[in-house]
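Peer 1: Following this message is one structure expressed as structure tokens.
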Amino acid sequence: MRVVAAMSGGVDSAVAASRMIEAGHDVVGVHLALAKDAKTLREGARGCCTIEDAGDARRVADRLGIPFYVWDMATPFDRDVVEDFVAEYEAGRTPNPCLRCNEKIKFAALLDKALALGFDAVATGHYAQIVDGPHGRELHRAVDDAKDQSYVLGVLDEEQLARAFFPLGDTTKPDIRAEAAERGFAVAKKPDSHDICFISDGDTRGWLTQRLGEREGEIVDEGSGEVVGEHRGAYGFTVGQRRGLGLDRSGLDGQPRYVTRVEAESNRVFIGTADLLGTDLIEADHVRWCGPAASGSHRLGAQIRAHGEEIPALAEVVDGEGGARLLVRLDTAVRGAAPGQSIVLYDGTRVVGSGTIARASRSASPAGGGELADESPAPARSSSGRAAGEA
């Protein structure tokens, strides 16, 4: 089989390419140039897709003895990932750029180009497994729970999975590094990239301010309806956020406050006490199925963050304008589920599909109870959780 190995310049994609060769495939290495003005050097472990990364990928390809190319994907990446990221935050939502990149770039633009050039499939260094099962080609969690990236692959559809390989899913990260060292790859000890790749310094709020400008608005307390502070851009906040509010707690009965909602139309940020954050009803659109489309109601596991807890839930598929929608009732309420985040559904280790959260609320008689886990995100941070490493 002729396979394009997506090579980011990191240890994971290097070992993935070498394993595809050992499996007997005809492999060509491809590095995706995603930035119109790529930096020369990486800034520690932040960011990726720099000129240095392209050079690292080329050296691995040379050692493997395979052809290597750099494909310019900067324009679709900017349109489908970066501009989407900005627009979502501007609309008061919390996007996940890693899922959008996997959907639109790595398994759409890249795969489409590969197929047009006569290749059969694409291989990446994601930590997930593809299993041939009763549902056809199935996407499953990786054996390494700490590195599992099935959540950010939950946007892949049946046709994309049929043309995808994830050779690392059956191995832990320490073993991958050891294998890379045995193969003599210089990237064996290279730090993983994390956070948002196109915001290399990790300052999401500052980056958004440069794009959208300062927009002064009010911070409103949900309990009293009083204006308790000011902000310089509602896009800098996300539901569940506690830090970075700039409030005098002594004037708010001494209790910590969290962002409960972001009202983009009025440029107001609402805050409240922790008891207002519990969510057990989620409605999602942009539904994607990792296999045959589901219908009706199903008992499944639901996950709303890349490395968050999987929660038992009842998921119902309903028809709506523009396609299917998901109604998910969680057995246990969670804190900080925000519009724009993705909810990924699991049947055991198998990924069933995903949706983008449109609304999150608390039912009149919540199924869960007790204390909520404090999963409050940092200011203006993506829900991607990319500390898991590169692919």
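Peer 1: Considering 317, 328, which residue is surrounded by fewer than 22 Cβ atoms within 10 Å (Cβ to Cβ) and either out of contact with any helix residue (DSSP H, G or I) (no Cβ under 7 Å at 6 or more places or on another chain) or not assigned by TED's automatic domain parsing to the domain that holds residue 149 (or both)? Break it down stepwise before answering.
Peer 2: Working: 328 fails: surrounded by fewer than 22 Cβ atoms within 10 Å (Cβ to Cβ).
Checking each option against the conditions leaves just 317.
Peer 1: Shifting gears a bit: Looking for something loosely packed, with under 14 Cβ neighbours inside 10 Å, at pLDDT 90 or above and not in a helix (DSSP H, G or I) - is there at least one such residue anywhere in the stretch 197-213?
Peer 2: Yes, some residue in the stretch 197-213 is loosely packed, with under 14 Cβ neighbours inside 10 Å, at pLDDT 90 or above and not in a helix (DSSP H, G or I).
Peer 1: Just wondering, is there one or more residues in the stretch 244-251 that are more than 23 Å from the chain's Cα centre (by Cα) and buried (at least 18 other Cβ atoms within 10 Å of the Cβ)?
Peer 2: Looking through the stretch 244-251, at least one residue is more than 23 Å from the chain's Cα centre (by Cα) and buried (at least 18 other Cβ atoms within 10 Å of the Cβ).
Peer 1: Right, here's the next one. Regarding residue 186, is this residue more than 22 Å from the chain's Cα centre (by Cα), surrounded by fewer than 19 Cβ atoms within 10 Å (Cβ to Cβ) and in contact (Cβ under 8 Å) with a residue 12 or more places away in the chain? Spell out the reasoning first.
Peer 2: Values: more than 22 Å from the chain's Cα centre (by Cα): yes; surrounded by fewer than 19 Cβ atoms within 10 Å (Cβ to Cβ): yes; in contact (Cβ under 8 Å) with a residue 12 or more places away in the chain: yes.
Yes; evaluated as a whole, the condition is true for this residue.
Peer 1: Please go through (1) within 28 Å of residue 91 (Cα to Cα); (2) out of contact with any strand residue (DSSP E or B) (no Cβ under 6 Å at 6 or more places or on another chain) for residue 237 and return the number of the only condition it doesn't satisfy.
Peer 2: (2)
Peer 1: A further question on this structure: Can you spot a residue in the stretch 215-238 that is within 25 Å of residue 360 (Cβ to Cβ), hydroxyl-bearing (Ser, Thr, Tyr) and touching an Asp or Glu at 6+ places or on another chain (Cβ under 7 Å)? Can you show your working first?
Peer 2: Narrowing the stretch 215-238 to residues within 25 Å of residue 360 (Cβ to Cβ): 215, 217-229, 231, 233-238.
Filter once more, so that each one left must be hydroxyl-bearing (Ser, Thr, Tyr): 224, 235, 238.
Filter again for touching an Asp or Glu at 6+ places or on another chain (Cβ under 7 Å), leaving 235.
Yes: the stretch 215-238 contains one or more residues that are within 25 Å of residue 360 (Cβ to Cβ), hydroxyl-bearing (Ser, Thr, Tyr) and touching an Asp or Glu at 6+ places or on another chain (Cβ under 7 Å).
Peer 1: Continuing with the same structure: Scanning for something over 22 Å from the mean Cα position of the chain (by Cα), hydrophobic (A, V, I, L, M, F, W, C) and under 21 Å from residue 159 (Cα atoms), does the stretch 302-315 turn up at least one residue?
Peer 2: Within the stretch 302-315, the first condition is being over 22 Å from the mean Cα position of the chain (by Cα), and the residues that meet it are 314.
Within this subset, residues satisfying the condition of being hydrophobic (A, V, I, L, M, F, W, C) are 314.
Going one step further and asking which of them are under 21 Å from residue 159 (Cα atoms), we end up with none.
Scanning the stretch 302-315 turns up no residue that is over 22 Å from the mean Cα position of the chain (by Cα), hydrophobic (A, V, I, L, M, F, W, C) and under 21 Å from residue 159 (Cα atoms).
Peer 1: Which one of these is more than 23 Å from residue 345 (Cα to Cα) and within 18 Å of the chain's Cα centre (by Cα): 79, 177, 100? Outline the logic, then answer.
Peer 2: On the way: 177 fails: within 18 Å of the chain's Cα centre (by Cα); 100 fails: more than 23 Å from residue 345 (Cα to Cα).
Matching residue, one of 79, 177, 100: 79.
The values are calculated or read from the model by the stated rules, or taken from the named source; none is laboratory data. Predicted model, so just to flag it, every value in this text is computed and none were measured. In this analysis, Cβ positions are derived from the backbone assuming ideal geometry, glycine residues included, and neighbour counts consider all displayed protein chains.
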